[in-house]
Amino acid sequence: MKKTISVLVAMLLGLMGTYAWAGSAREDTVDRLQMSVEVLHAIMASPDRGIPEEVLSNAKCIVVVPHLVKGGFIFGGKHGRGVASCRTSDGWSAPAFVSVGGGSWGLQIGVEGVDLVMLVMNEQGFQHLLADKFQLSGEGSAAAGPVGRHASAGTDWKMNTEILTYSRSKGLFAGITLEGAVVEQDNDSTRAIYGKRMSFRTILSGKATAPRSTEAFMEAVSHASQKAAIAEADEKK
């Protein structure tokens with residue numbers, strides 16, 4: 001009898017621990033979504049000091065990894081978590097959750113509130129992102145992105161670069177090189193939001209429905225891309 005009670009108590013404690021982990025993981029992921037929304041709003045609010053309109057309007061995917069230093073990105077193992085969305089025939093895909101870590105960084109930042117933005121610019125970069133795990137400047141070519149209202153005519157972002165990378169600190173965006181950094185799916189966050197494991201390919205190709213908790217992020221992505229496209233069109237008139 002005592003043994004049976006001990007087993008039941010152990011099972012109950014295990015279930016409580018599982019529910020507590022799930023709740024904590026979901027809260028952390030929802031917070032990360034909100035921080036990513038704030039980064040996207042910052043892109044729209046500072047066109048002269050941010051990502052060029054024509055770059056953003058031509059991006060196939062947007063990846064936001066907010067508050068890297070607070071997550072121990074520079075000083076605690078070089079690791080951060082973020083959110084990605086890609087263009088589909090029906091608009092932007094539901095968000096996929098990413099983990100970025102390792103590699104050598106072209107810009108060392110020692111302040112809090114550093115954000116990373118990666119823009120996938122062509123089909124090759126899109127296919128690498130769908131692979132669930134790839135290495136920047138290994139399987140996928142990446143370069144520091146141009147900054148300002150307009151991209152310089154001398155840059156080759158329209159031609160060969162698969163992914164353009166940016167850092168944001170104190171409201172300012174700057175190009176950053178991420179040689180050797182590994183981008184992979186954040187399975188814990190995926191399960192916390194979708195309730196099960198789903199592949200990058202399923203989510204980013206538009207085959208998943210965006211959960212209600214991701215609506216603000218989806219609206220921010222759509223708004224940012226639309227605003228950039230309108231600004232680019234007006235400039236060409």
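The values are calculated or read from the model by the stated rules, or taken from the named source; none is laboratory data. On a predicted model such as this, the values are computed, not experimentally measured, just so you know. Methodologically, a virtual Cβ is constructed for each residue, glycine included, from the backbone with ideal geometry; neighbour enumeration extends over all protein chains shown.
Observations
- Scanning the stretch 201-222 for residues that are part of a helix (DSSP H, G or I) and either of a type in the set (A, V, I, L, M) or at pLDDT below 90 (or both) yields Ile203, Leu204, Ala216, Met218, Ala220, Val221.
- Checking Val55 against (1) under 30 Å from Ala233 (Cβ atoms); (2) at pLDDT 90 or above, the condition it does not meet: (2)
- Restricted to strands (runs of 3 or more DSSP E) entirely inside the stretch 62-121, those with at least 3 residues that are closer than 14 Å to Leu33 by Cβ and at pLDDT 90 or above are 79-88, 96-101.
- Residue-level check: of (1) touching a strand residue (DSSP E or B) at 6+ places or on another chain (Cβ under 9 Å); (2) modelled with pLDDT under 90; (3) part of a helix (DSSP H, G or I), Ser24 misses just (1).
- Test result for Glu38, at pLDDT below 90 and among the acidic types (Asp, Glu): no
- Only one of the numbered conditions (1) at pLDDT 90 or above; (2) farther than 24 Å from Thr29 by Cα is not met by Leu172, and that is (1).
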